Amino acid sequence: IQDHFAPGSTFKVVTLLAGLHTHQSSDRDTAVCHGAFTLGSTRFRCWKDAGHGSVDAVTALARSCDVFFYQLGNRMGLNPIAEMGNQLGFGHKTGIPLDGESDGIMPNEAWYRAKLAEGYTRGAAVNASIGQGAVTVTPIQLAVAYAAIANGGTVYEPQIALRIEAFDGSAVREFPPISRSALDVPPGALDLVHEGLRRVVNDPAGTTYAKRLKDVQVAGKTGTAQVAHMGKRTKASEVPYKLRDHAWFASYVPAEAPEIAIVVMAEHGGGGSGVAAPIAMKIARAWYDKKLAKTALLGAGAHP
């Protein structure tokens, strides 16, 4: 809750929802990825040098095609991305009842004009579209955002207890859910994002397919957040620790009827799919096994 980091590609859900909200994207929107996007004299690379070819919105999310989101961010500009980020809780405290929570940074065009001598440029929107640039989030903010996507669009205030119980198990005090806001997105927008997140893990072309669980579907998104520009592809082991990428995986389980949200962030850990996703899968596995055990103990008709 206290430190904030670039979220990398886990943030692409924000860009896509912003695009759907502003009608700059749709389920029919496509982009052709040749491995890079050029804006003026700057070349923004896709993580896949050979490119992804022609991709639609769901496929771009599933395969984490940077070029699709670069183009979308360039069309929209930064403000719609920032507005959707604010809706999901980025840029301000979640309200969790613990001391020292950070706001993170959800910049808009005015923020750049106030903070930087060169002001706002379109490149800031292109960078933000994939969770880089000045955008930073706390892990708890990302968990709140993915929980909102999972539950149909309600942003909740995170809490640290369900109830206080007496020695006999009776509830002394209950802590009911606290709803902060509801997402303003077009009908079907969350379904489209959900399908992309489901394919990330469960489609053979998804970035986390190799790490999937066999008997429960996880929906989620990898993120590899760049800390320092290396100028060329470099193995993590060849980069000083403090300059290595941050590894993210943001998810919810089960994909078809979500009950929990899981966010893993490995600081300077490297790749999201290789480092953070396997940890999240172990957490999901432990939760699901416990759920099955409780169901077996209480009976098939009982709710664990």
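On the basis of being in a helix (DSSP H, G or I), modelled with pLDDT of 90 or more and within 26 Å of SER129 (Cβ to Cβ), does ALA277 make the cut? Judged against the criteria, ALA277 is a match. Residue count for region 124-165, restricted to those that are within 21 Å of the chain's Cα centre (by Cα), outside any loop (DSSP other than H, G, I, E, B) and not aliphatic (A, V, I, L, M): 8. For region 3-45, a residue qualifies if it is more than 18 Å from the chain's Cα centre (by Cα), part of a loop (DSSP other than H, G, I, E, B) and surrounded by fewer than 22 Cβ atoms within 10 Å (Cβ to Cβ), and the qualifying residues are THR22, HIS23, GLN24, SER26, ASP27, ARG28, ASP29, HIS34, GLY35, GLY40, SER41. The residues of region 172-196 that are open to solvent by 80 Å² or more (accessible area, probe 1.4 Å) and either over 23 Å from GLN24 (Cβ atoms) or hydrophobic (A, V, I, L, M, F, W, C) (or both), listed by number, are VAL172, ARG173, GLU174, PRO176, PRO177, ARG180. Determine if region 65-75 includes at least one residue that is among the aliphatic types (A, V, I, L, M) and either assigned to a helix (DSSP H, G or I) or open to solvent by 70 Å² or more (accessible area, probe 1.4 Å) (or both). Yes, there is a match, as at least one residue in region 65-75 is among the aliphatic types (A, V, I, L, M) and either assigned to a helix (DSSP H, G or I) or open to solvent by 70 Å² or more (accessible area, probe 1.4 Å) (or both).
Condition check ((1) closer than 27 Å to ALA255 by Cβ; (2) in contact with a helix residue (DSSP H, G or I) (Cβ under 7 Å, 6 or more places away or on another chain)) across all residues:
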| site | (1), (2) |
| --- | --- |
| PHE90 | yes, yes |
| LYS93 | no, no |
| ILE96 | yes, yes |
| PRO139 | yes, no |
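Return yes or no: is ALA62 free of Cβ contacts under 8 Å to residues at least 24 places away in the same chain, more than 22 Å from ARG122 (Cβ to Cβ) and either open to solvent by less than 70 Å² (accessible area, probe 1.4 Å) or among the small types (Gly, Ala, Ser) (or both)? The answer is no for ALA62. Each residue in region 104-130 was checked for being of a type in the set (A, V, I, L, M, F, W, C) and crowded, with 22+ Cβ neighbours inside 10 Å, and 6 pass. Consider region 78-101 and keep the residues that are open to solvent by 20 Å² or more (accessible area, probe 1.4 Å) and of a type in the set (S, T, N, Q). The one that is farthest from GLU157 (Cα to Cα) is ASN79. Annotation: THR207 fulfils all but one of (1) within 19 Å of the chain's Cα centre (by Cα); (2) at pLDDT 95 or above; the unmet one is (2). Checking GLY133, GLY169 one by one, the residue that is more than 27 Å from ARG28 (Cβ to Cβ), out of contact with any Asp or Glu (no Cβ under 7 Å at 6 or more places or on another chain) and exposed (fewer than 11 other Cβ atoms within 10 Å of the Cβ) is GLY169 and no other.
Taken as a whole, the structure leaves PHE90 outside the set of residues that are touching a strand residue (DSSP E or B) at 6+ places or on another chain (Cβ under 9 Å), among the aromatic types (Phe, Trp, Tyr), touching a residue at least 40 places away in the same chain (Cβ under 8 Å) and not in a loop (DSSP other than H, G, I, E, B).
Listed by position, the strands (runs of 3 or more DSSP E) inside region 167-269 whose residues that are within 16 Å of VAL144 (Cα to Cα) number at least 3 are 179-182, 219-225, 246-253, 260-266.
The values are calculated or read from the model by the stated rules, or taken from the named source; none is laboratory data. For clarity, every value in this text was computed on a predicted model and none was experimentally measured. Please note: Cβ atoms are built from the backbone with ideal geometry, for glycine as well, and neighbour counts cover all protein chains shown. Accessible surface is based on the protein model in full, side chains and every heavy atom, while ligands, DNA and RNA are left aside. Shrake-Rupley method; radii C 1.70, N 1.55, O 1.52, S 1.80 Å.
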